[in-house]
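The values are calculated or read from the model by the stated rules, or taken from the named source; none is laboratory data. Treat the numbers as computed from the prediction; the structure is a model and nothing was measured. Don't worry about glycine lacking a Cβ; one is built from the backbone with ideal geometry, like all the others, and counts go over all protein chains shown. Surface accessibility is based on the protein's heavy atoms, side chains included, excluding ligands, DNA and RNA. Shrake-Rupley method; radii C 1.70, N 1.55, O 1.52, S 1.80 Å.
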Amino acid sequence: MGLKRVLTLRTVVATSAGLTLASSSFVAAVQVAGFLAGDSAWLAILTGGLLCAGAALCFSELNARLPSAAGIRLYFSRAFNDRLALTVSLLYMAVVMGVVGAESYVLACALNAALPAVPPLAWIMGMFLLVTGLNIRGVKIAGTFQDLITYGLMGSLLVLAFIALSKVGFRLTAPLAPGGALAFINAVAVGVFLFVGFEWVTPLAEEVTHSRLVSRGMLLAIGVLSVVYALFTVAMTASTPREMLLGSPAPQMVFARHVLGPSGLFWMLVLSLAASITTFNAGLISVSRFIYASAREYVLPPVFSRLSMRFFTPWVAILTVFITGVTISVVVLVTHHYLVLVNLAAAMESVVYALAGLAVIRLRQKTPEAECSYRVKGGVVIPALTSLVFAGLAVAVMCTDLYVSLYLLAGFIVLWWYVHQVVPALKNKYQPRRPARRRRPAVEPADAGCEKT
């Protein structure tokens, strides 16, 4: 049994963009604007998109070399070593699941502003149950649902942005003057969060009709998201007082109410629900495949690699993501610590992208003659620049928020122990052992050149 190859470019783009296009992205967009002067956030957002495009080129070459549902775990394992690859990929998966918690909190604030009578957890549970059911029924159904929601959401955000800009006569304040260099670097570092998780479409490599669609989908998703985020962020800062946006955990609701009144609030409520659904659905599609591939290779208990005999979907992995997502959402709703998760995702994403550039260089050195359907042009220039830039951005985010450094260090230590102690035990217990080869009897000197029967 295996996964079905049924996904097209349209769904790959929707999945790559859908995981990043979340309600919490509006919070990050306002943070970017808060670092900069005037309505110049679009410069930092487009810069972040350009940097992520360089990372996408590196992931495209890695996917062309090693198309697998294991994704970054396999890339880093072949480039560096298996233990480092396992530790980093598991930590990144945990951080991506943490983004679901931040997303749930922002969504709860948005829903509470519009419909205070409905408990936020009821909305979250309803969405999780919906997308979990769709994913268990089949990736084609979940992918079609992802297409409809993602493309409708992006179109609506563009329309709303143009309406808001028309309210101010398309007049912007200092759109080309972001301020100091340090402020711009910090804005770009946080702006990277707007694209967090675009490469999590690589675990779908075993379900697309052609492996090249993964690389094309990532680049198209980054390009479209860069335009949508840039226009929408500028529209928010140009039409709504910045202090109102920065003081709210759901700035998109403040913006919509300020621009269009109650009708705008209802419109943005629908868009926030759609954004959260795309994130939950894309996360379930991608992270569940990563868990499935890890369990298939005995990095996780093999129970997570079970497939539905009817729908050919990894139902145990999907249910695991559902339970984990709901648990994290409840914790964040109680603690209100959501900004740490935003910065944590930005820092971890930067670390992974820096390693992706190094992995491309390393694999070219280790297997220079290996066949590869796609190579990043320009030699090592783009992979090297990707590594250097994202390493610097990771340091910038960690220096801005010291809790991010502590959480990443603690997570790395725990997972390093897991990789060194638990994974070997899983492989010894579950991995099939190859039968030992029977040694051929030695040939006697008198029978040289003959083989005994």
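Taking R0 as 22 Å, what FRET efficiency do you get between residue 227 and residue 183 from their Cβ-Cβ distance, rounded to the nearest 0.05?
0.40
Please work out the Cα convex hull volume for segment 312-423 and give it in Å³ per residue.
Details: hull volume 19.8 nm³, N = 112.
Value for segment 312-423: 177 Å³ per residue.
When the accessible area of the chain is computed with all protein chains present and a 1.4 Å probe, what percentage of it is carbon and sulfur?
67 percent
Semi-axes of the equivalent ellipsoid of segment 290-376: what are they in whole Å, largest first, if each equals the square root of 5 times a C-alpha gyration tensor eigenvalue?
31, 25, 10
Explain nothing, just the number: dipole magnitude of the chain about its Cα centre with +1 on each Lys and Arg Cβ and -1 on each Asp and Glu Cβ, in debye rounded to the nearest 20. Provide the component values of the computation, followed by the final result.
Details: 33 positive and 17 negative charges, 291 e Å.
Computed charge dipole of the chain: roughly 1400 debye.
Rg and Dmax of segment 386-434, Cα atoms, in Å?
So, for segment 386-434, Rg and Dmax equal 16.9, 51 Å respectively.
After finding the eigenvalues of the alpha carbon gyration tensor for the chain, what semi-axes result from the square roots of 5 times each, listed largest first in whole Å? Don't jump to the answer; show the numbers that get you there.
Working: eigenvalues 358, 120, 78 Å².
That gives 42, 24, 20 Å for the three semi-axes.
How many lysine pairs are close in the chain, with Cα atoms under 27 Å apart and the two 8 or more places apart or on different chains?
4
For residue 310 and residue 371, compute 0.36 nm times the residue count separating them, minus their Cα-Cα distance, and round to one decimal in nm.
Difference between extended and current length: 18.3 nm.
Taking H as built 1.01 Å from N, whose amide H comes closer than 5 Å to the amide H of residue 300, not counting residues under 5 places away?
295
Within segment 327-387, which GluC sites (Glu not before Pro) sit in a loop by DSSP and count at most 13 neighbouring Cβ atoms inside 10 Å?
When the GluC sites (Glu not before Pro) of segment 327-387 are filtered for loop state and at most 13 Cβ neighbours within 10 Å, 369, 371 remain.
If you count only protein heavy atoms with a 1.4 Å probe, what accessible area per residue comes out for the chain, rounded to a whole Å²?
Roughly 42 Å² per residue, with all protein chains present.
Among 186, 204, 116, whose Cα projects farthest towards the positive end of the dipole of the chain, with charges put on the beta-carbon of Lys, Arg (+1) and Asp, Glu (-1)?
204
Put a dot 7 Å past each Cα toward the Cβ at residue 8 and residue 381; how far apart are the dots in nm?
3.7 nm
Once you charge only the Cβ atoms, +1 for Lys and Arg and -1 for Asp and Glu, what is the size of the charge dipole of segment 128-255 about its Cα centre, to the nearest 20 debye?
My answer is approximately 260 debye.
Extending each Cα 7 Å along its Cβ direction at residue 209 and residue 410, get the distance between those two points in nm, one decimal.
4.8 nm
Rolling a 1.4 angstrom probe over the protein chains, ignoring ligands and nucleic acids, what is the accessible area of residue 277 in square angstrom, nearest 10?
20 Å²
Helix-only mean residue ellipticity at 222 nm, the chain, DSSP H runs n ≥ 4 weighted -39,500 (n - 2.57), per residue, nearest 500. What is it?
Computed ellipticity for the chain at 222 nm equals -24000 deg cm²/dmol.
Pop out the ³J(HN,Hα) list for segment 27-43 in order, Karplus 6.51 cos²θ - 1.76 cosθ + 1.60 with θ = phi - 60°, rounded to Hz; leave Gly and Pro as x.
With the stated coefficients, segment 27-43 comes to 5, 5, 4, 5, 4, 4, 5, x, 6, 10, 8, x, 9, 9, 4, 4, 5 Hz.
How big is the Rg/Rh ratio for segment 1-85, C-alpha atoms only, Rh by Kirkwood, two decimals?
On the way: Rg = 17.1 Å, Rh = 15.9 Å.
Radius of gyration relative to Kirkwood radius: 1.08.
Taking +1 at the Cβ of each Lys and Arg and -1 at the Cβ of each Asp and Glu, which of 16, 153, 286 sits farthest along the dipole of the chain towards its positive end, judged by Cα position relative to the Cα centre?
Toward the positive end, the furthest listed residue is 286.
I'm a student and want to see the number: the projected area of the Cα convex hull of segment 175-225, averaged over all directions, in nm².
4.5 nm²
Distance from a point 7 Å along Cα→Cβ of residue 117 to each backbone N in segment 229-270: keep the residues under 17 Å and list them by number.
Within reach of a label on residue 117, which here means backbone N under 17 Å from a point 7 Å along Cα→Cβ, segment 229-270 contributes 266.
For segment 107-246, evaluate the Debye formula with one uniform point scatterer on each Cα (no solvent term) and list log10 I(q)/I(0) at q = 0.10, 0.13, 0.14, 0.17 Å⁻¹, rounded to two decimals.
After summing over all Cα pairs, the log10 values are -0.52, -0.86, -0.97, -1.25.
Note the direction-averaged projected area, equal to a quarter of the hull surface, for the Cα convex hull of segment 192-325, in nm². Could you put the intermediate results ahead of the total?
Numbers: hull surface 42.5 nm².
Mean shadow area of the hull around the Cα atoms is 10.6 nm².
Could you please report the charge total around residue 236, scoring K, R as +1 and D, E as -1 over all other residues with beta-carbon less than 11 angstrom from its beta-carbon? Write down the numbers at each step before the final one.
Values: positive: 242; negative: 39.
The answer is 0.
By average Cβ neighbour count within 10 Å, what is the ranking of 41-51, 385-395 from highest down?
Per-residue Cβ counts within 10 Å, averaged per peptide and sorted highest first, yield 41-51, 385-395.
Kindly write out, for segment 267-276 in residue order, the coupling ³J(HN,Hα) from the Karplus curve 6.51 cos²θ - 1.76 cosθ + 1.60 (θ = phi - 60°), rounded to whole Hz, with x marking Gly and Pro.
Working through the residues one at a time gives 4, 5, 4, 5, 5, 5, 4, 5, 4, 5 Hz.
Name the long-range amide H neighbours of residue 7: under 5 Å, sequence gap of 5 or more, or other chain; modelled H, no Pro or chain starts.
Amide H neighbours of residue 7: 208, 209.
Taking amide H atoms as placed 1.01 Å from N in the peptide plane, list the residues 5 or more away in sequence, or in a different chain, whose amide H sits under 5 Å from that of residue 39.
173, 174
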